[in-house]
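Notes follow once the structure below has been shown.
The values are calculated or read from the model by the stated rules, or taken from the named source; none is laboratory data. Here the structure is a predicted model, which is why all the values come from computation and not from measurement. Glycine gets a Cβ as well: all are built from the backbone with ideal geometry, and neighbour counts include every protein chain shown.
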Amino acid sequence: MSNETMLTRRGLFMNIGILFNSLVAVALAVPIVRFLLSSVSRERQDAYLAWVPVGSVSEFPEGETRLATFRNPYVMPTDGATVNTACWVRRVGGDQFQVFAVNCAHLGCPVRWFPQSGLFMCPCHGGVYYRDGSRASGPPERGLFAYPYKVENGLVLIRAGELPTPGAASAALDGKKSTCA
Amino acid sequence: MRLISQIGEWFDRRLQLAAPIREAAEHQVPRSTASWFYVFGSAAFTVFLLQVVTGILLALIYVPSGSEAWSSLQALNHDVALGWFIRALHGWGSNFMVALVLIHMVQVFLFGAYKFPRELTWIIGVFLLLMTLGMAFSGQVLRFDQDAYWGLGIGASIVSRVPVLGPAMVKLMLGGPIIAGATLSRFFALHVFVIPAILIGCVGLHLLMVLKLGINEWPMPGRIVKRSTYINDYHALTQKDGAPFVPYAIWKDLFFAAFILLAVAACALYFGPFGPSGRPDPTIIQTVPKPDYFFLWLYALLSLLPPSLETPALLIGPVLVIFGLLLLPFLSGEGEKSWRRRPIAVLTVLLTAITLGEFTHLAGFTPWSPHMNAWSGDPVPDRFLHGTTALERQGALIFQFKQCRNCHSLGETGGQRGPALDRVAVRLTEDQLIRQVIQGGGNMPAYGDNLSPAETTALVAFLKTLHPAGQAPARDAARGIVLGDGLKDPSGSKP
């Protein structure tokens, strides 16, 4: 009577065809999604979280804060100058350091150090920090990001291969001296 | 002539497009819609076509590589014949397109054109606005200079605040752990392939619905939209008082589109291309990044929001605005169309325009940013130094040397982050000045660790001189009584 409810031979083929395409689509989606998410996966984490030198200890006078530059440990051929990054190195005394990211903890603009007043100031929205990186005034909700560091063979090394952002796990950016050699 | 029509017929027998095109061109529209208020949508579309053409031209030279993008823009500006002009057309075209899309949206909103049966046209229009803003931001990134680099950093900082997923979203956005070559490449893919494809698809649907549903008639106060009767009323109107779209209405679109293209070209010719500013080298930190014109209001908002409100406002605000816009035709899909009878709609537009305008205006001189070179560059005006003692002059030196000037102005120069200090001695007594300098507070850093007692004394001595000639500085009356010298020394200074 009603042909619409009956599954015809051609209709069955069409359904199988749709099913076949769906299976192929799912099979192809796996590598596509993995490719798209490759920047999020942890595969390269070992590479970009390697220790990089910012200079020898003697370059940083005790009690002073100096601008240093380092090269990101993970480099792609088209990165150009963007893999060179600046940081503020404060030698508290002896082997005690604080290595601050230049990125303001508010929205990431580069902060500048004023030794006369002992303040870091941000040119964008007016965030200000004391010499130890703690928040002094303005919109930031926390102090400056401090990279983990260690001193080895007279060199100051930091782990800084990742752009510090306010939402990143703060434990990784509290600037503790690394105990593991 | 006969040959041409024969060729035409040959094609049409195969394409069969002549009839539908003629039908679309000659469809009846209400005479009231042949208005200069109805030209912004077609003008936005015309500028979009200009963007497509100039974008393809730029892609002939531009290299989307972190190491070469900036130099290829320099080559466009300086080495390639008229490369600067094509860049300028594309840059000014983007400003005009954002402006026209916004004006079109305001017109549609005030004319009630989003109401039944044009809800979906409005919703797709909202997506077109978002895509236009997406093009504007990604285009700013492709101009891979210092502003683009730090602008990406700001974008990443905002995205990172999304709960739980934030850090992963930052890496997805940047294409890696830092802003680098991969970041530029993916914004290139967005700007050149993904967003334009969505834009073209949405524009097609948007136009199709304008054709199918008809152009919104000029709203008359009292002519109420009802779902049950609107379609019949509209058809009656187009039959009674209608005219074919071509040529009756389209000539105004054509005139305005040509005028807008001319205006874009004139701006491009006169003002030239945008940037690029400095090389995208993150080791150069002497930079004051600023977003492009259409995002300046956001830049201002991010400075003025209280810190505790910022993350919620950034993450929830846009969602609320977008949902509000999408829900609008469902919340008020019927009823009055005329702006004359919709005061809240008019007030909403005015309030939004004034707010965005004022934020943009403020972002032009950024009163919230310290002036990084005020301490070394701005002179202390003569009148503040005339007849001062050595101690007070020493205080003026400390005022400059300790960067107080970066945030506090004297004689209208210097930063505006903190209050101007021209009359500070009238507001604060000596004790209050000392306390404020040493402990900070009220959004001022504490200087206690950084000033010796002698420096504080000198600085406060200078600050105490900052009052108008005829007005005595503030003094603590109780202090005078306690110390027994209040009556002798009305200026409040120490004996």
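Here are a few things to note about the model shown:
- Of all residues in the range A:33-45 being assigned to a helix (DSSP H, G or I) and either within 9 Å of another protein chain (Cβ to nearest Cβ) or surrounded by 11 or more Cβ atoms within 10 Å (Cβ to Cβ) (or both), the one that is modelled with the lowest pLDDT: A:45
- Against the test of being loosely packed, with under 12 Cβ neighbours inside 10 Å, in a helix (DSSP H, G or I) and assigned by TED's automatic domain parsing to the domain that holds residue B:220, the options B:351, B:326 yield a single qualifying residue, B:351.
- Matching helices (runs of 4 or more DSSP H) fully within the range B:137-198 where at least 2 residues are at negative phi and more than 21 Å from the chain's Cα centre (by Cα): B:166-174, B:181-189
- Counting the residues of the range B:179-210 that are closer than 21 Å to residue B:90 by Cβ, more than 13 Å from every other protein chain (Cβ to nearest Cβ) and free of Cβ contacts under 8 Å to residues at least 24 places away in the same chain gives 3.
- Residue that is nearest to residue B:418 (Cα to Cα), among those in the range B:369-404 that are aromatic (Phe, Trp, Tyr) and surrounded by fewer than 21 Cβ atoms within 10 Å (Cβ to Cβ): B:401
- Any pair with Cβ under 9 angstrom, 6 or more apart, that starts in the range B:128-148 at a residue that is closer than 16 Å to residue B:181 by Cβ and ends at one that is modelled with pLDDT of 95 or more and of a type in the set (Lys, Arg): B:143/B:87
- Scanning the range A:75-114 for residues that are facing chain B (nearest Cβ under 7 Å) and either under 15 Å from residue A:161 (Cα atoms) or of a type in the set (D, E, K, R) (or both) yields A:76, A:79, A:81, A:82, A:83, A:84, A:85, A:86, A:102, A:103, A:112.
- Within the range B:99-108, the residues that satisfy the criterion of being crowded, with 21+ Cβ neighbours inside 10 Å and of a type in the set (A, V, I, L, M, F, W, C) are B:100, B:101, B:105.
- Filter pass, residue B:111 being away from chain A (no Cβ under 14 Å) and within 27 Å of the chain's Cα centre (by Cα): yes
- Criterion applied to B:431, B:449 was being within 14 Å of chain A (Cβ to nearest Cβ) and of a type in the set (Asp, Glu), and the one residue passing it is B:449.
- Odd one out for residue A:52 among (1) crowded, with 16+ Cβ neighbours inside 10 Å; (2) more than 10 Å from every other protein chain (Cβ to nearest Cβ); (3) farther than 27 Å from residue B:69 by Cβ: (3)
- Failed criterion for residue B:274 (all others in (1) in contact (Cβ under 8 Å) with a residue 60 or more places away in the chain; (2) part of a helix (DSSP H, G or I); (3) away from chain A (no Cβ under 14 Å) hold): (2)
- In the range A:160-178, the residue that is surrounded by the most Cβ atoms within 10 Å (Cβ to Cβ) out of those that are among the charged types (D, E, K, R) and either over 27 Å from residue B:311 (Cα atoms) or at pLDDT below 85 (or both) is A:174.
- Applying the criterion of being of a type in the set (Lys, Arg) and in a loop (DSSP other than H, G, I, E, B) to the residues of the range A:115-160, the residue that is nearest to the other protein chains (Cβ to nearest Cβ) is A:131.
- Residue selected from the range B:329-339 under the condition in a helix (DSSP H, G or I) and of a type outside the set (Phe, Trp, Tyr), by the criterion surrounded by the most Cβ atoms within 10 Å (Cβ to Cβ): B:329
- Matching residues, the range A:31-74, being of a type in the set (A, V, I, L, M), free of Cβ contacts under 8 Å to residues at least 40 places away in the same chain and within 23 Å of residue B:160 (Cβ to Cβ): A:33, A:36, A:37, A:40
- Residue list for the range B:280-317, filter: surrounded by fewer than 13 Cβ atoms within 10 Å (Cβ to Cβ), in a helix (DSSP H, G or I) and under 21 Å from the mean Cα position of the chain (by Cα): B:309, B:312, B:316
- In the range B:243-259, the count of residues that are farther than 22 Å from residue B:28 by Cβ and among the aliphatic types (A, V, I, L, M) is one or more.
- Some residue of the range B:463-479 being in a loop (DSSP other than H, G, I, E, B), basic (Lys, Arg) and away from chain A (no Cβ under 14 Å): yes
- Tally, over the range B:225-273, of residues that are among the small types (Gly, Ala, Ser), more than 29 Å from the chain's Cα centre (by Cα) and closer than 24 Å to residue B:40 by Cα: 3
- The range B:49-79, subset surrounded by fewer than 16 Cβ atoms within 10 Å (Cβ to Cβ) and of a type in the set (Val, Ile, Thr), residue nearest to the other protein chains (Cβ to nearest Cβ): B:61
- Residue ID - nearest to residue A:112 (Cα to Cα), chosen from residues in the range B:347-391 that are within 16 Å of the chain's Cα centre (by Cα) and within 14 Å of another protein chain (Cβ to nearest Cβ): B:366
- Considering the range A:58-74, and only residues there that are crowded, with 17+ Cβ neighbours inside 10 Å and closer than 24 Å to residue A:129 by Cβ, the residue that is farthest from the other protein chains (Cβ to nearest Cβ) turns out to be A:60.
- Any helices (runs of 4 or more DSSP H) falling wholly within the range B:10-122 and containing at least 2 residues that are touching a helix residue (DSSP H, G or I) at 6+ places or on another chain (Cβ under 9 Å), assigned by TED's automatic domain parsing to the domain that holds residue B:253 and modelled with pLDDT of 95 or more: B:40-59, B:69-78, B:83-110
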